[in-house]
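Enquirer: Below you will find the structure I want to go over with you.
The values are calculated or read from the model by the stated rules, or taken from the named source; none is laboratory data. Bear in mind the structure is a predicted one, so any value in this text is a computation, not a measurement. So basically every Cβ, Gly included, is an ideal-geometry build from the backbone, and we count neighbours across all protein chains shown.
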Ligand SMILES: Cc1ncc(COP(=O)(O)O)c(C=O)c1O
């Protein structure tokens with residue numbers, strides 16, 4: 001049996017008519033960039049997330065850079081971001097001349113350790129980028145507490161977090177909606193993923209939204225009149241039309257992911273060599289990624305791949321040890337939890353159309369590797 005890490009073709013086969021009609025409608029309209037379907041998709045995301053304002057852009061990394069630019073995370077400003085995350089959560093700061101200040105993460109949740117984050121705040125700190133990684137948000141109550149206490153802005157990297165919620169001020173709030181800005185990525189593997197790149201900024205702040213809308217079209221709100229030095233980063237209409245089809249089915253897709261996670265948990269609960277993901281009480285989780293912490297992770301990774309199982313190491317090198325960040329002067333040992341996770345984390349196949357037999361095969365193979 002072969003089990004892919006991710007397979008978009010099964011979902012396409014399931015909703016083929018809807019996808020084909022959506023794509024044809026864009027081609028027939030002749031409007032390929034921020035066309036009607038992009039506006040319709042933005043409205044649908046607002047309704048789903050509860051965000052007051054959203055602006056579709058070309059990808060999640062651009063969304064992070066644009067939000068960082070608007071929030072002033074450049075020119076020497078210090079911004080706190082986790083050492084264990086995807087590169088874009090830190091490059092958005094460095095790209096603008098800001099200083100990424102790494103902090104360690106929580107071993108259970110993979111997300112920012114807010115206690116460690118607070119220790120790294122100085123008079124130059126401007127903002128904080130909590131990243132909602134794999135299956136649950138960072139602790140946003142603690143994060144907003146820090147922001148208020150130290151007068152910082154908050155940019156939620158919700159690239160992986162479509163559908164995830166946080167218990168916040170007595171209710172559940174969608175990821176990305178609590179901070180000053182949130183960003184989503186619609187990279188194909190994401191819980192809400194397109195058939196190419198896509199991204200979005202979300203905010204409840206009208207002024208920030210007006211800037212975001214302008215920054216994505218070269219800083220102009222009236223054509224050929226430029227108020228800011230912005231970007232060329234627009235959501236492709238074809239992607240928006242595809243994403244709107246997927247958004248209509250997202251609750252069913254999230255439910256299926258949860259069912260696979262439950263099956264993984266049941267079949268792997270007695271394997272002492274693997275630690276299963278731990279979910280905190282504040283989190284409304286969504287299984288974008290099902291990530292184990294495994295003994296002899298590299299051996300398991302090789303073994304599962306030999307057995308035809310698509311697994312993925314998220315992330316092999318913590319950000320403070322990346323070559324491009326040598327200038328920040330970090331050494332091995334600076335962020336022990338992030339470093340430990342880089343040696344242990346292994347993501348198993350996870351997408352809605354996985355079958356029970358495939359999940360069983362993955363778990364049996366893991367048990368075989370550890371000699372049962
Ligand atoms: C945590 C995180 N931040 C940012 C990004 C960047 O998103 P994109 O790939 O759409 O540029 C990703 C996704 O790849 C991500 O996982």
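Enquirer: If you take the residues in the range 53-98 that are away from the ligand (no atom under 13 Å from the Cβ) and either assigned to a helix (DSSP H, G or I) or assigned by TED's automatic domain parsing to the domain that holds residue 337 (or both), which one is nearest to residue 128 (Cα to Cα)?
Expert: 71
Enquirer: Considering the range 300-315 alone, what residues qualify as being touching a residue at least 12 places away in the same chain (Cβ under 8 Å) and farther than 11 Å from residue 84 by Cβ? Before the answer, list the steps.
Expert: Within the range 300-315, the first condition is being touching a residue at least 12 places away in the same chain (Cβ under 8 Å), and the residues that meet it are 300-301, 303-304, 307-315.
Within the range 300-315, 300, 301, 303, 304, 307, 308, 309, 310, 311, 312, 313 qualify.
Enquirer: Here are some residues: 282, 287. Which one is in contact with a helix residue (DSSP H, G or I) (Cβ under 9 Å, 6 or more places away or on another chain) and modelled with pLDDT under 95?
Expert: Selected residue: 282, the only one of 282, 287 that is in contact with a helix residue (DSSP H, G or I) (Cβ under 9 Å, 6 or more places away or on another chain) and modelled with pLDDT under 95.
Enquirer: For residue 235, indicate whether it is over 23 Å from residue 193 (Cα atoms), touching a residue at least 60 places away in the same chain (Cβ under 8 Å), in contact with a strand residue (DSSP E or B) (Cβ under 9 Å, 6 or more places away or on another chain) and buried (at least 18 other Cβ atoms within 10 Å of the Cβ).
Expert: Details: over 23 Å from residue 193 (Cα atoms): no; touching a residue at least 60 places away in the same chain (Cβ under 8 Å): yes; in contact with a strand residue (DSSP E or B) (Cβ under 9 Å, 6 or more places away or on another chain): yes; buried (at least 18 other Cβ atoms within 10 Å of the Cβ): yes.
No, not satisfied.
Enquirer: In addition: Taking the conditions exactly as written (away from the ligand (no atom under 16 Å from the Cβ), modelled with pLDDT of 95 or more and closer than 24 Å to residue 161 by Cβ), does residue 50 satisfy them or not?
Expert: yes
Enquirer: Can you tell which of 354, 346, 304 is at pLDDT 95 or above, touching a helix residue (DSSP H, G or I) at 6+ places or on another chain (Cβ under 8 Å), in a strand (DSSP E or B) and crowded, with 16+ Cβ neighbours inside 10 Å?
Expert: Values: 354 fails: in a strand (DSSP E or B); 304 fails: in a strand (DSSP E or B).
Unique residue meeting the criteria: 346.
Enquirer: Return the pairs, sorted by first residue and then second, in which the second residue is in a helix (DSSP H, G or I), the first residue lies in the range 136-149 and is under 20 Å from residue 163 (Cα atoms), the beta carbons are less than 7 Å apart, and the residues are 6+ apart or on different chains.
Expert: Filtered contacts from the range 136-149: 139/114; 143/114.
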